[in-house]
Amino acid sequence: MIYDAVILGAGISGLSAAKFLKLGGIEPLIIEKNSYAGGKAHTERTADFVIEEGPNGFLDNKPDTLELAEKSLLNPDLLRANDKAEKRFIFSGGRLHELPFSPAAFIKSPLLSFGGKLRLAAEPFVRKKYEDETLADFVKRRFGKEALNKLIGPMATGVYAGDPDTMSVESAFGRIKELERNYGSLFKALIKLKKSSNAAAFGGGRLTSFTGGLSQMVGGISKGIGIRLNCRALLIRKDEKLFIVETDSGEIKTKRLISALPAYTLAKIAVGFDKELAETADIISYAPVDVAAFGYNRKLELDGFGFLFALDQMNSAIGVLWDSSIFPRAAAGHSLIRIIIGGARLHHMADKSDEEIINIAKEELKRTMDLNVEPDLIRIIRHKKAIPQYLMNHKDIVKIIDEKESRNKGLKIIGNAFRGIGLNDCVSAGKKAALSMTA
Ligand SMILES: Cc1cc2nc3c(=O)[nH]c(=O)nc-3n(C[C@H](O)[C@H](O)[C@H](O)COP(=O)(O)OP(=O)(O)OC[C@H]3O[C@@H](n4cnc5c(N)ncnc54)[C@H](O)[C@@H]3O)c2cc1C
């Protein structure tokens, strides 16, 4: 049998591609090595808790994930984060500081020193730079060292589990670099875009998920799509017209092939097809992350989204999510917290034993929140290769990937390793790949 389209990997990227292919009239087959679809987006449900193993949700300021939810009949179960989750904190100088979002709150906040505030306020007077640079260099140049340590460094680490000293600002935060190039200053850009009521161009959006967690979205999208679970892709070959995928349960022939695999897997299986593609994918490194989920059979005072550590306070954990304060993730009278440990700067921490991870998580909760209550439920979720890192060579990597796609009709290479790590980015890349095949 020759398939019209085969997708490798049933993470959100692969599922999005599959759904939009199907909507465009092409029946795809997905090959997935796990016994479940969703990849990093996977939820465990117990009687009292809804525990996300990876992502919490997506921002609703981009249309594609909402469209995917709508077309998968998931809209009635869309869940927006609580209003109180707007409150976010930074652990710095031995205590939690609420992040100031208005100019008045910023002036009053003790998070930054007077000198740090002045340096940040001088941003409009800093000369623009066209070339790419590391995130740390960009932030130090435009906003100063303190802003890197206490504001932007923690946020970048929170999103990418990355290291600001090695991340490329252009590849990881392209929009910000673009605003600098176009407006000369990010503050000037903010004011101009606000005036033209285009503030959404700066980001924003509300964190959104589903009552049953992200696995509910995965289940909704998967309905009616052919997914071969427990099937591992081993090698890609190509003859004159077809792609041939060798799997651990036989060979599959297809006219169109979408890889939605992690880069390190693509690197292994593309060897039989294109050595340069394999070598290029192999360059991408990943940061490891462990998630310690603690459930409590009591109501804790959790008022906000949670907190991130200032870079100079980041000993083992990147941040702490107050899950049951963001979404209804715990039964009445219960609470759920997730502690995120490791990341590129602290990658050795993610290798600790379960017992050590639990102790680290407990110590961090004590140090930061003065929380000394034993959890009633503990889950340790390991993501050995959690998030791909967009480093200074990333745009050259993506250029080669683009070239490979244009030289091989019927081939698309998506997944979070290349053109964005957020769920929204993954969904958009999947949709774009599918539309290019159905147009
Ligand atoms: C802890 C954590 C928290 C996060 N939080 C957020 C968040 O709140 N919001 C957000 O937008 N993003 C978040 N992210 C990022 C986001 O979850 C990921 O970027 C996204 O889910 C990746 O989707 P994907 O389909 O590209 O890759 P994956 O989910 O990794 O899917 C790849 C799939 O390929 C399969 N596969 C691998 N090898 C083979 C093979 N040989 N044959 C067949 N199948 C194979 C895998 O089993 C997997 O199912 C988070 C990530 C992590 C790790």
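Tabulated data for the structure shown
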{"quantity": "Among residues of the stretch 216-232, those that are within 12 Å of the ligand (Cβ to nearest atom) and over 19 Å from Glu27 (Cα atoms), counted", "calculated": "3"}
{"quantity": "Residue count, the stretch 153-185 (criterion: touching a strand residue (DSSP E or B) at 6+ places or on another chain (Cβ under 9 Å) and either among the hydroxyl-bearing types (Ser, Thr, Tyr) or on the phi > 0 side of the Ramachandran plot (or both))", "calculated": "6"}
{"quantity": "Enumerated helices (runs of 4 or more DSSP H) restricted to the stretch 1-120, each holding at least 2 residues that are within 16 Å of the ligand (Cβ to nearest atom) and not assigned by TED's automatic domain parsing to the domain that holds Glu146", "calculated": "12-23, 63-71"}
{"quantity": "Number of the condition not met by Asp248 [criteria: (1) within 16 Å of Gly9 (Cα to Cα); (2) surrounded by 15 or more Cβ atoms within 10 Å (Cβ to Cβ)]", "calculated": "(2)"}
{"quantity": "Residue selected from the stretch 305-341 under the condition of a type in the set (D, E, K, R) and in contact with an Asp or Glu (Cβ under 8 Å, 6 or more places away or on another chain), by the criterion farthest from Leu79 (Cα to Cα)", "calculated": "Arg338"}
{"quantity": "Ser171 within 16 Å of the ligand (Cβ to nearest atom), surrounded by 16 or more Cβ atoms within 10 Å (Cβ to Cβ) and assigned to a helix (DSSP H, G or I)", "calculated": "yes"}
{"quantity": "Any hit, the stretch 395-414, residues being without any contact (Cβ under 8 Å) to a residue 60 or more places away in the chain, under 30 Å from Phe49 (Cα atoms) and more than 16 Å from the ligand (Cβ to nearest atom)", "calculated": "no"}
{"quantity": "Qualifying residue in the stretch 362-374 (condition: surrounded by 16 or more Cβ atoms within 10 Å (Cβ to Cβ), among the β-branched types (Val, Ile, Thr), more than 16 Å from the ligand (Cβ to nearest atom) and farther than 24 Å from Gly39 by Cα)", "calculated": "yes"}
{"quantity": "Test: Glu146 is buried (at least 19 other Cβ atoms within 10 Å of the Cβ) and either farther than 24 Å from Leu96 by Cβ or touching a Ser or Thr at 6+ places or on another chain (Cβ under 7 Å) (or both)", "calculated": "yes"}
{"quantity": "Pair list, Cβ under 7 Å, 6 or more apart: the stretch 83-100 residue closer than 23 Å to Arg206 by Cβ and in contact (Cβ under 8 Å) with a residue 24 or more places away in the chain, other residue in a loop (DSSP other than H, G, I, E, B) and basic (Lys, Arg)", "calculated": "Glu98/Lys87"}
{"quantity": "The stretch 47-58 residues that are farther than 14 Å from Ala293 by Cβ, paired with ones that are near the ligand (Cβ under 8 Å from one of its atoms) and part of a strand (DSSP E or B) (beta carbon under 8 Å, 6 or more apart)", "calculated": "Gly57/Leu207; Phe58/Leu207"}
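The values are calculated or read from the model by the stated rules, or taken from the named source; none is laboratory data. Not measured: the values here are computed from a predicted model. Cβ atoms come from the backbone with ideal geometry, glycine included; neighbour counts cover every protein chain shown.
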